[in-house]
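Just so it is clear, none of the values below were taken in a lab; they were calculated from the coordinates. In this text the structure is predicted, and so the values were computed from the model without any measurement. Methodologically, a virtual Cβ is constructed for each residue, glycine included, from the backbone with ideal geometry; neighbour enumeration extends over all protein chains shown.
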Amino acid sequence: MFIKCCGFQDKGTIETAVLNNVDAIGFITYSKSKRYVSVEEIKSLSKDIPQAIDIVAVVVNLTMVEIDKLIRETSINTLQFHGDESVLFIQEVKEKYPHIKIYKALPANDQLLTNIEAFKKDVDLFLIDTPSKDYGGTGVSYDWSILNALNNIPYLIAGGINIDKIKQIESLNFNHNGYDISSGIETNGQKDKEKIKALLTYVKE
C-alpha cells in the first residue's frame, strides 16, 4: 500500500516517516490551513528527503508564477492540486514541468466520476477526500461506498484516515492504491512520531 503522510512542519517527524518507509511526504502551502508552511520552510524541510519519495507541495488555486517559485526554490518533485484548478491549468503545468508528478484531490460527491474522467489524462494519482468548502484537512471521513465505482483508477483514500479506519477499509475490497493521512498521525494537532511509526509499521508489514 502506498502511504502519503501530509501536513509536516518539522524535520524530526519527517525523519521518522522516512525511516519507516513512507512513500510520499506532503507540505501544505494553503495559508488558511493550520498546517501551512512557507516556501522557505519547505525548502529547508525538504532538502534532505530522498528523491525516491514523492515530496509533495499541496497547492490551492496558485498562479503559474507561484508554482514556478515552488518548483525552483524547493526540492519538491510532486504537486497536489487541492483547489478549483481547471483541467487546462493542470495540462499547462504538466507540459511545462513533465518531470513533476501530479496528484489531484477530488471530493467524494456525485461529480466524482465526471471529474476523474476530465482530469485522468494529466493526473498520476487521485486523492478522494471528504467534501469541504475549506479544501480538505477536515479529519472527517465520508461514505466509502462511493469508491466501489472506481476501477482502473490510481487513487488514495483520504479524509480522517487512521489505523482503525484502515482496518475497516481492508475488509471492503476497494481497488485503491493506498492512503493519505494527516490528522490520523497527530496528537493535539501536532505530528506524533509514535503514531507515524505505528501506522507505517502496520500498513507496510
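What ranking do 109-118, 15-24 get when scored by the average of other Cβ atoms within 10 Å per residue, highest first? Please report the intermediate quantities before stating the final value.
Working: 109-118: 13.7, 15-24: 18.8.
The packing order, highest mean first, is 15-24, 109-118.
Can you give the extra length, in nm with one decimal, that the chain gains between K69 and Y36 once fully stretched, where that is 0.36 nm per residue apart less the Cα-Cα distance? Show your work: numbers first, answer last.
Values: separation 33, 0.36 × 33 = 11.88 nm, distance 1.66 nm.
Taking 0.36 nm per residue and subtracting the Cα distance, the gain is 10.2 nm.
Which of V18, S145, Q91 sits farthest toward the positive end of the charge dipole of the stretch 2-204, with +1 on the Cβ of Lys and Arg and -1 on the Cβ of Asp and Glu?
The residue sitting most towards the positive pole is V18.
Let me know the charge dipole size of the chain about its Cα centre in debye, to the nearest 20, where only the beta-carbon of Lys, Arg (+1) and Asp, Glu (-1) is charged.
Using only the charged Cβ atoms, the result is roughly 260 debye.
Cα extents of the chain along the three principal axes, largest first, in whole Å?
44, 40, 29
Multiply the residue separation of E95 and N188 by 0.36 nm, subtract the distance between their alpha-carbon atoms, and state the gained length in nm to one decimal.
Details: separation 93, 0.36 × 93 = 33.48 nm, distance 4.07 nm.
Computed gain between E95 and N188 is 29.4 nm.
Want the number for D143 to E205: 0.36 nm per residue separation, take away the alpha-carbon distance, what's left?
Working: separation 62, 0.36 × 62 = 22.32 nm, distance 2.71 nm.
My answer for the length gained is 19.6 nm.
For the chain, what proportion of DSSP beta bridges, expressed in % and rounded to the nearest 5, is antiparallel? Before the final figure, lay out the partial values.
On the way: 2 of 33 bridges.
Taking every DSSP beta bridge within the chain, about 5 percent pair in antiparallel fashion.
Size of the dipole of the stretch 66-153 about the Cα centre, Lys and Arg at +1 and Asp and Glu at -1 on the beta carbon, nothing else charged, in debye to 20?
Details: 9 positive and 14 negative charges, 50 e Å.
In debye, rounded to 20, the stretch 66-153 gives about 240.
Suppose R0 equals 41 Å; then what is the FRET efficiency for V87 and K11 from their Cβ-Cβ distance, rounded to the nearest 0.05?
Details: r = 36 Å, r/R0 = 0.88.
So the FRET efficiency works out to roughly 0.70.
Along the charge dipole of the stretch 2-204, which of S44, T63, S183 sits closest to the positive end, that is, farthest toward it, with unit charges on the beta carbon of Lys, Arg, Asp and Glu (+1, +1, -1, -1)?
Sorting the options by dipole projection puts first S44.
Taking amide hydrogens as modeled 1.01 Å from N in the peptide plane, which residues meet the under 5 Å criterion relative to Q80, leaving out close sequence neighbours?
For Q80, whose amide H was placed from the backbone, the distant partners under 5 Å are A57, V58, V59, Y103.
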